[in-house]
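Notes to accompany the following structure.
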Amino acid sequence: QVQLVESGGGLVQPGGSLRLSCATSGFTFSDYTMNWYRQTPGNQRELVASITSPGNTNYADSVKGRFTVSRDNAKNMVYLQMNSLKPEDTAVYYCHFRIYRNYWGQGTQVTVSS
């Protein structure tokens, strides 16, 4: 049974940092590209960052230079380090991967506000 469990969200002031974690199980983690998406009310989920099996990364233009995605294949974990956070980064952040269908975690709320 595939499981994705995000953690690490919270309330942070503008300019602050958070590190999101996604614990995974039920599949061969090291074989798959892992993604972080985010969603605000009334909007579609937006791809924020991706990391391939060997560790190649890709970012949305809005987060380049501020966010860093990483993975630990030994621990079946994927991370999103978020620095220089802005109010517009406020969203629910989801861990995701796809094999025949999309798999999502339950999401973790990130709120950037003073």
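Residue-by-condition table, conditions (1) within 23 Å of Gly26 (Cα to Cα); (2) open to solvent by 70 Å² or more (accessible area, probe 1.4 Å); (3) modelled with pLDDT of 95 or more; (4) not polar (S, T, N, Q):
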{"position": "Val48", "(1), (2), (3), (4)": "no, no, yes, yes"}
{"position": "Ile51", "(1), (2), (3), (4)": "yes, no, yes, yes"}
{"position": "Ala60", "(1), (2), (3), (4)": "no, no, yes, yes"}
{"position": "Val63", "(1), (2), (3), (4)": "no, no, yes, yes"}
{"position": "Phe67", "(1), (2), (3), (4)": "no, no, yes, yes"}
{"position": "Lys75", "(1), (2), (3), (4)": "yes, yes, yes, yes"}
{"position": "Leu80", "(1), (2), (3), (4)": "yes, no, yes, yes"}
{"position": "Ser84", "(1), (2), (3), (4)": "no, no, yes, no"}
{"position": "Pro87", "(1), (2), (3), (4)": "no, yes, yes, yes"}
Of everything in segment 28-46 that's in a loop (DSSP other than H, G, I, E, B) and not hydroxyl-bearing (Ser, Thr, Tyr), which residue is most open to solvent (accessible area, probe 1.4 Å)?
Gln44
Those residues of segment 1-27 which are in contact with a Gly (Cβ under 7 Å, 6 or more places away or on another chain), open to solvent by 50 Å² or more (accessible area, probe 1.4 Å) and either farther than 16 Å from Phe67 by Cβ or assigned to a loop (DSSP other than H, G, I, E, B) (or both), in sequence order:
Gln1, Gln3, Val5
Quick one: what pairs do we get from segment 92-112, first residue within 12 Å of Leu4 (Cβ to Cβ) and at pLDDT 95 or above, second among the basic types (Lys, Arg) and in a strand (DSSP E or B), C-beta under 8 Å, 6+ apart or different chains?
Tyr93/Arg38; Tyr94/Arg38
Looking for something touching a residue at least 24 places away in the same chain (Cβ under 8 Å) and among the basic types (Lys, Arg) - is there at least one such residue anywhere in segment 58-67?
no
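The values are calculated or read from the model by the stated rules, or taken from the named source; none is laboratory data. Keep in mind that what you see is a predicted model, and the values were worked out from it rather than measured. Here the Cβ is made from the backbone with ideal geometry for all residues, glycine too, and neighbour counts use every protein chain on show. Protein only, heavy atoms only, side chains kept; ligands, DNA and RNA dropped before computing areas. Shrake-Rupley method; radii C 1.70, N 1.55, O 1.52, S 1.80 Å.
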